[in-house]
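Below is one structure, written out as structure tokens, with a few remarks after it.
The values are calculated or read from the model by the stated rules, or taken from the named source; none is laboratory data. Given the structure is predicted, the values throughout are model-derived calculations rather than measurements. A quick note on method: Cβ atoms are made from the backbone with ideal geometry, for glycine too, and the neighbour counts reach across all protein chains shown.
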Amino acid sequence: MASEQVVLDVEGLRMRYGTTDVLHDVTFQACHGEVLALLGPNGAGKTTTIEILEGFRMRSAGRVSVLGVDPAHADERWRARVGVVLQSWRDHGKWRVRELLAHLGTYYTCYATDDVTRPWDVDDLVKAVGLTAQADKKIRTLSGGQRRRLDVAVGIVGRPELLFLDEPTTGFDPVARREFHELVHRLAEQDETTILLTTHDLDEAEKLADRIVILDGGRIVADGTADELAERIAGEDEVRWTHAGQRHVRSVKESTRFVHDLFRRHGDEITDLAVRQASLEDSYLSLVRRVESAEVTR
Ligand SMILES: Nc1ncnc2c1ncn2[C@@H]1O[C@H](COP(=O)(O)OP(=O)(O)OP(=O)(O)O)[C@@H](O)[C@H]1O
């Protein structure tokens with residue numbers, strides 16, 4: 001993390017649609033250069049949260065500060081510092097990729113600073129999102145995954161300080177996904193862009209995020225690094241080994257100590273040893289099941 005400067009500050013956020021509360025007292029922060037993943041089951045409140053932070057939706061209660069400004073009262077200068085990748089860019093089908101990005105980029109020219117050149121050079125941008133071969137194609141002829149890459153390019157053309165990515169890799173093939181992950185790392189590490197992303201891909205969250213916030217039923221049920229969540233929630237590693245021709249599997253809290261004891265007792269008789277640490281998926285599933293069973297008994 002480049003500095004401890006707080007870029008996103010959310011405290012006691014509440015949202016009510018009609019008579020239904022969908023966010024209850026949501027509190028979290030993100031610091032400069034941090035990549036934060038917001039996870040949670042369908043309907044947990046991720047998009048609602050992100051739309052409030054983007055200034056697209058009015059909250060019912062709570063305090064929200066984004067780059068030091070309340071998004072409900074933000075101006076164009078603030079908007080130019082924020083990049084948004086929405087769930088899909090469907091307009092401008094007759095435009096060509098390069099043309100659209102160059103056109104949208106002109107909006108940011110007046111927001112360039114001594115430190116940040118705006119907009120992003122179109123050829124560099126098209127290359128960064130892997131659309132060089134499609135740069136002169138009409139948008140309506142792009143495949144679903146190529147459109148999604150264009151969505152990402154539209155979101156970052158102004159070189160935002162803060163980037164919101166709502167399910168960015170839906171429809172990406174494995175190569176596109178890998179390239180997108182490299183782009184996110186580059187944005188966070190080289191450009192110190194703060195990134196808030198939502199995803200249902202736990203492997204993606206584990207790879208990209210410095211910190212993970214899990215929302216369930218409109219409440220934050222976990223907040224920490226993938227390792228912290230694995231330790232705090234799933235808590236157990238899986239150890240597999242063979243002894244005297246027989247396969248064994250045990251779930252244990254302290255795998256290093258367990259393996260040490262195993263070798264102390266059986267030495268070279270132990271073969272095929274494998275230790276699998278609890279993954280983010282284990283933590284997530286265990287947490288969501290716990291919340292669901294608590295709701296059933298409530
Ligand atoms: N405009 C709306 N009017 C009424 N209820 C809404 C509206 N938008 C969302 N909701 C409700 O708010 C809750 C949270 O929805 P939201 O879209 O934020 O969830 P999500 O976590 O993004 O879900 P998903 O993973 O399915 O995209 C859901 O119960 C949804 O039905």
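Structure notes:
- Looking across 21, 9, one residue alone is part of a strand (DSSP E or B) and under 28 Å from residue 227 (Cα atoms). It is 9.
- Taken as a whole, the structure places residue 293 among residues that are at pLDDT below 90, exposed (fewer than 11 other Cβ atoms within 10 Å of the Cβ) and in a helix (DSSP H, G or I).
- Some residue of region 155-173 being free of Cβ contacts under 8 Å to residues at least 40 places away in the same chain, among the charged types (D, E, K, R) and surrounded by fewer than 18 Cβ atoms within 10 Å (Cβ to Cβ): yes
- The single residue among 204, 189 that is assigned by TED's automatic domain parsing to the domain that holds residue 98 and within 17 Å of residue 30 (Cα to Cα) turns out to be 189.
- Options 161, 167; residue that is touching a strand residue (DSSP E or B) at 6+ places or on another chain (Cβ under 8 Å) and on the phi > 0 side of the Ramachandran plot: 167
- Taking helices (runs of 4 or more DSSP H) as the structural unit, those lying wholly within region 185-285 and holding at least 1 residues that are away from the ligand (no atom under 16 Å from the Cβ), among the β-branched types (Val, Ile, Thr) and more than 30 Å from residue 41 (Cβ to Cβ) correspond to 255-266.
- Against the conditions (1) in the same structural domain as residue 265 (by TED's automatic domain parsing); (2) touching a residue at least 24 places away in the same chain (Cβ under 8 Å), residue 245 satisfies every one except (2).
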